[in-house]
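Participant: Provided herewith is a single structure, encoded as structure tokens, for subsequent inquiry.
The values are calculated or read from the model by the stated rules, or taken from the named source; none is laboratory data. Because the structure is predicted, anything quoted here is derived from the model rather than measured. Cβ sites come from the backbone with ideal geometry, for glycine too, and all protein chains shown count toward neighbours. In case anyone asks, the SASA skips ligands and DNA or RNA and just uses the protein heavy atoms, side chains included. Shrake-Rupley method; radii C 1.70, N 1.55, O 1.52, S 1.80 Å.
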Amino acid sequence: MTTLRLTIRVRPGASRTSVGGAYADALVVRVNERAVDGAATAAALRAVAGAFGVPRGAVRLVSGATSRTKILDVEGGDPERLRELLG
């Protein structure tokens, strides 16, 4: 199974959770949760897992725990799906 490494840009406090669009070559992930005690990061990882159709455990944070820009590994992630999400 392949592992896809991607950069995401988290936008906490959004009206609804969504994955899609690009910000400086990063995939934009909007989440309802605020950036308090890692809640936005956890929500972003769940959202990315849902967008790629993989279990939450298949998405691993590589770097950026306290930053809006994060690097993730998605086990079983499809590069074509990433291109679709980036729009």
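Participant: Go through the stretch 59-67 residue by residue and turn each phi into a ³J(HN,Hα) via Karplus (6.51, -1.76, 1.60, θ = phi - 60°); whole Hz please, and just put x for glycine and proline.
Facilitator: Computed from phi, the couplings for the stretch 59-67 are 10, 10, 6, 8, 7, x, 4, 10, 10 Hz.
Participant: A further question follows. Please report, as a whole percent, how much of the solvent-accessible surface of the chain comes from carbon and sulfur atoms (probe radius 1.4 Å).
Facilitator: 48 percent
Participant: Could you work out the helix-only [θ] at 222 nm for the chain, with each DSSP H run of four or more residues adding -39,500 (n - 2.57) and the total divided by the number of residues, to the nearest 500 deg cm²/dmol? Walk me through the numbers before you get to the answer.
Facilitator: On the way: 2 runs with 22 residues, N = 87.
Value at 222 nm, helices only, nearest 500: -7500 deg cm²/dmol.
Participant: Which loop-located trypsin sites (Lys or Arg not before Pro) does the stretch 6-85 contain, where loop means any DSSP state but H, G, I, E or B and the Cβ has at most 13 other Cβ atoms within 10 Å? Can you show the working numbers first?
Facilitator: On the way: sites: Arg9, Arg16, Arg30, Arg34, Arg46, Arg56, Arg60, Arg68, Lys70, Arg81, Arg83; in loops: Arg16, Arg34, Arg68.
Of the trypsin sites (Lys or Arg not before Pro), the ones in loops of the stretch 6-85 whose Cβ has at most 13 other Cβ atoms within 10 Å are Arg16, Arg34.
Participant: Multiply the residue separation of Val36 and Tyr23 by 0.36 nm, subtract the distance between their alpha-carbon atoms, and state the gained length in nm to one decimal.
Facilitator: 2.4 nm
Participant: May I have the extent of the alpha carbons of the stretch 15-82 along their three principal axes, as whole Å values ordered from largest to smallest?
Facilitator: Ordered largest first, the stretch 15-82 gives principal extents of 31, 23, 21 Å.
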